[in-house]
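Everything on this sheet refers to the single structure shown next.
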Amino acid sequence: MSLDAATFCYPARQIAAVYDEHICTAGEPDVETEYLAREREHGTPSSGYRPALYVPGKNRRIVIIDKCFGMEGHARAWIADQIRLIAVRRKFEKETARCAN
């Protein structure tokens, strides 16, 4: 992950906007996206971890500011699962739209 990446902060309810705006380009997701966990307070892991991701194709870091997990792995798993659910839903929507026409 690049240290000079632009950082964007979003609440969890806008995770679909994160997917559309930051992860996808022309409807195709960046498969190199890295799922991260950021310390809630820098230098104090005991304060918990926020789910985050890094999109290398756009050099962007996105942090979900209203979720906090006690373990780093849980924060990463949560964001990975949310992105996976959105990707599946978008694929289904595309296929359904194609069949309707």
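For the pair residue 41/residue 97, report the inter-label distance in nm, with labels modelled 7 Å from Cα in the Cβ direction.
Spacing of the two 7 Å Cα→Cβ label points: 4.5 nm.
Name the residue from 46, 5, 27 whose Cα lies farthest towards the positive end of the charge dipole of the chain, charges +1 on Cβ of Lys and Arg and -1 on Cβ of Asp and Glu.
Ranked along the dipole, the leading option is 27.
Nearest 20 debye, what's the magnitude of the dipole of segment 17-71 about its Cα centre given +1 on Lys and Arg Cβ and -1 on Asp and Glu Cβ?
Charge dipole of segment 17-71: 240 debye, to the nearest 20.
Could you please rank 22, 74, 42, placing first whichever residue has the fewest other Cβ atoms within 10 Å of its Cβ? Intermediate values should be presented prior to the final figure.
Values: 22 21, 74 15, 42 8.
Taking fewest neighbouring Cβ atoms as first place, the list is 42, 74, 22.
Only four residue types carry charge here, +1 at the Cβ of Lys and Arg and -1 at the Cβ of Asp and Glu. Report the dipole size of the chain about the Cα centre in Debye, rounded to the nearest 20.
Using Cβ point charges on Lys, Arg, Asp and Glu, the chain gives about 260 debye.
Tell me the Rg and the Dmax, in Å, that the Cα atoms of the chain produce.
14.6, 54
What FRET efficiency comes out for residue 87 versus residue 65 if R0 is 25 angstrom and r is the Cβ-Cβ distance? Round to the nearest 0.05.
That pair, residue 87 with residue 65, gives E of 0.65.
Output the relative contact order of the chain, whole-number percent, from Cα pairs under 8 angstrom with separation of 6+ residues.
29 percent
Count the DSSP beta bridges whose two residues both fall in the chain, then state the antiparallel fraction as a percent rounded to the nearest 5. Please list the in-between numbers first.
Details: 14 of 19 bridges.
Roughly 75 percent of the DSSP beta bridges within the chain come out antiparallel.
Anyone know which of 50, 40, 89 comes out most mobile in the 10 Å Cα GNM of the chain?
Among 50, 40, 89, the largest GNM mean-square fluctuation belongs to 89.
Which one, 85, 96, 64, projects farthest toward the positive side of the charge dipole computed for the chain from Cβ point charges (K/R +1, D/E -1)?
Working it through, the farthest residue towards the positive pole turns out to be 96.
At most 15 other Cβ atoms within 10 Å and a DSSP loop assignment: could you name the GluC sites (Glu not before Pro) in segment 1-89 that fit?
32
No lab work stands behind these numbers, since they all come straight from the coordinates. This one's a predicted model, so the numbers in the text were calculated from it and none came from an experiment. Every residue, glycine as well, gets a Cβ built from its backbone with ideal geometry; the counts of neighbours run over all protein chains shown.
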